[in-house]
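Just below is one structure, and these are the notes that go with it.
The values are calculated or read from the model by the stated rules, or taken from the named source; none is laboratory data. In this text, all values refer to a predicted model and were calculated from it rather than measured experimentally. Cβ placement follows ideal geometry from the backbone for every residue including glycine, while neighbour counts extend to all protein chains displayed. Ligands, DNA and RNA are stripped out before the accessible areas are found, and what is left, the full protein with its side chains, is counted by its heavy atoms. Shrake-Rupley method; radii C 1.70, N 1.55, O 1.52, S 1.80 Å.
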Amino acid sequence: MVNDADQIAAAWMREAISLGREGMRANEGGPFGAVVVCSGKIVGRGCNQVTSTCDPTAHAEVLALRQACHSLGRFELRGCEIYASCEPCPMCLAAIYWARLDKAYYGCSRQEAAAIGFDDDFIYTQMPLPISQRSLPMEQISPNESRSLFEEWSAKPDKVPY
């Protein structure tokens, strides 16, 4: 039996799917949409705009989070949920964690995304590897100079922690 909460969640997901479809048909980017909901209303919307903006971070979830934060006037989104037409990629998932949303709902899986050419699963497999084993070469340089920036932050009396 479907309850009211399930019906409401399905309606939010339909909105995310609709945004993804609109953006895709307008050639803004891939077939992805997302909405952020707070207190029963949409406070952030996004569709993938990677190709139209030449911005690899312009994923639906990131854009919806940015709009929600702007709408609510805060950088964290406790008390909010996100509905995404697909399982978030590692970048979007990290952004969702950073924003401290209460819950994330998704439609298609990352395996389904890989089947149509969006291989986020590759990044998921790279993340747990030791830095030396990742396909992207990484090298630490200037740690002492960089550490001075951290020391200054630690001593900053008027910082806004997050």
Give me the 1.4 Å probe accessible area per residue for the stretch 50-162, excluding ligands and nucleic acids, in Å². 69 Å²
Answer in debye to the nearest 20: the dipole magnitude of the chain about its Cα centre, from +1 Lys/Arg and -1 Asp/Glu charges placed on Cβ, is 340 debye
The relative contact order of the chain, taking Cα pairs under 8 Å that sit 6 or more residues apart, comes to a percentage of 15 percent
Once each part is reduced to its C-alpha centroid, what is the distance from the stretch 88-144 to the stretch 27-64 in angstrom? 17 Å
Cα atoms only, the chain: Rg and Dmax in Å? 18.2, 60
Would you work out the charge dipole size for the stretch 17-72 about its Cα centre, treating the Cβ of every Lys and Arg as +1 and the Cβ of every Asp and Glu as -1, and quote it to the nearest 20 debye? 180 debye
Ranked highest first by the average count of other Cβ atoms within 10 Å around their residues, in what order do 121-131, 107-117, 9-19, 26-36 fall? 26-36, 9-19, 107-117, 121-131
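Out of the total accessible area of the chain (probe 1.4 Å, heavy atoms of protein only), what percent is carbon and sulfur?
In the chain, the share of accessible area belonging to carbon and sulfur is 57 percent.
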